[in-house]
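I have placed the structure first, in the form of structure tokens, so that the comments after it can refer back to it.
The values are calculated or read from the model by the stated rules, or taken from the named source; none is laboratory data. Here the structure is a predicted model, which is why all the values come from computation and not from measurement. No Cβ is skipped: glycine too gets one built from the backbone with ideal geometry, and neighbour counts run over all protein chains shown. Keep in mind that these areas ignore ligands, DNA and RNA; they rest on the heavy atoms of the full protein, side chains included. Shrake-Rupley method; radii C 1.70, N 1.55, O 1.52, S 1.80 Å.
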Amino acid sequence: MHDIEAAAELLGGVGVAKPEIEEAIRTLLTAFGEDACREGLERTPERVARMWDELLAGYRVDPYALINEAVFDVEYDQMVIVKDIEYYSMCEHHLLPFLGRAHVAYLPTDKVIGLSKIPRVVDLFARRLQVQERMTRQIADFLEAAIHPQGVAVVVEGLHLCSKIRGVKKSSARMVTSAMTGSFQTNELTRNEFLEHISRDTSAVSL
Ligand SMILES: [Zn+2]
């Protein structure tokens, strides 16, 4: 089971309303002109409902509970960078996936967060209906509030299937969004150090 789902269950999250989703998918299939009862589609509503429960698990996880035991007091004032964090999210405009990599950095004040927790924080905000700009901002704002660092930087690259699979051919372009706070905003050297790190052998999203 996925980490985030496990955490969601621990927190007693109720999940999505599966019967309503199943009903809606049956309606959708019929509206497509399909026979919702034919063999291949018969169990589709049930599968889709289960899938949405997984894809939206991020709503049910308290981010503070997620990092709770992994925030440490440390005297360390160098940049902490976690790059190439894979994520999968759902575009709220089309209900289609967007996916890619996130790069997260912060300059600690007196607290650091366990390295393995940062990808989970990204995952938590990805597993919601999202727009990439907001997801980027939410990751930065949460880290800012959780460990009060000197600054946070988040850069997210995303390939949006809603633009890739529809119409225009040139749509494999990746979208890049960023959110910078504190010293990453005010100090050019700090910002450049981060940007240099993440531009080094960062492999492109492959599909
Ligand atoms: Zn979209």
Quick one: with all protein chains in place, what share of the accessible area of segment 68-207 is carbon or sulfur, to the nearest percent (1.4 Å probe)? 51 percent
Could you provide, to the nearest whole Å², the per residue accessible area of segment 92-147 with probe 1.4 Å? 34 Å²
So for the chain, using the alpha carbon gyration tensor with a ≥ b ≥ c as root eigenvalues (a/c under 1.5 gives rounded; past that, a/b versus b/c decides prolate or oblate), I'd call it oblate
If packing is taken as the average number of other Cβ atoms within 10 Å across a peptide's residues, how do 193-200, 73-80 rank, most packed first? 193-200, 73-80
With the Cα gyration tensor of segment 30-134 giving a ≥ b ≥ c as the square roots of its eigenvalues, does the rule (a/c under 1.5 for rounded; else a/b larger than b/c for prolate; else oblate) give rounded, prolate or oblate? prolate
Taking Cα pairs closer than 8 Å and at least 6 residues apart, the relative contact order of the chain in percent is 18 percent
The answer for the per residue Cα convex hull volume of segment 96-196, in Å³, is 101 Å³
Given the DSSP H assignment, sum -39500 (n - 2.57) over each helix run of at least 4 residues in the chain and divide by its residue total; what's the result at 222 nm in deg cm²/dmol, nearest 500? -12000 deg cm²/dmol
Stretched out fully, how many nm does the piece from residue 175 to residue 27 gain, at 0.36 nm a residue minus the Cα gap? 49.9 nm
Segment 76-170 - charge dipole about Cα centre, Lys and Arg +1 at Cβ, Asp and Glu -1, debye rounded to 20: 520 debye
Hey, with R₀ at 41 Å, roughly what FRET efficiency would residue 38 and residue 131 work out to, going by the Cβ-Cβ distance, to 0.05? 0.70
Assigned charges on the beta-carbon of Lys, Arg, Asp, Glu; the chain dipole about Cα centre (debye): 780 debye
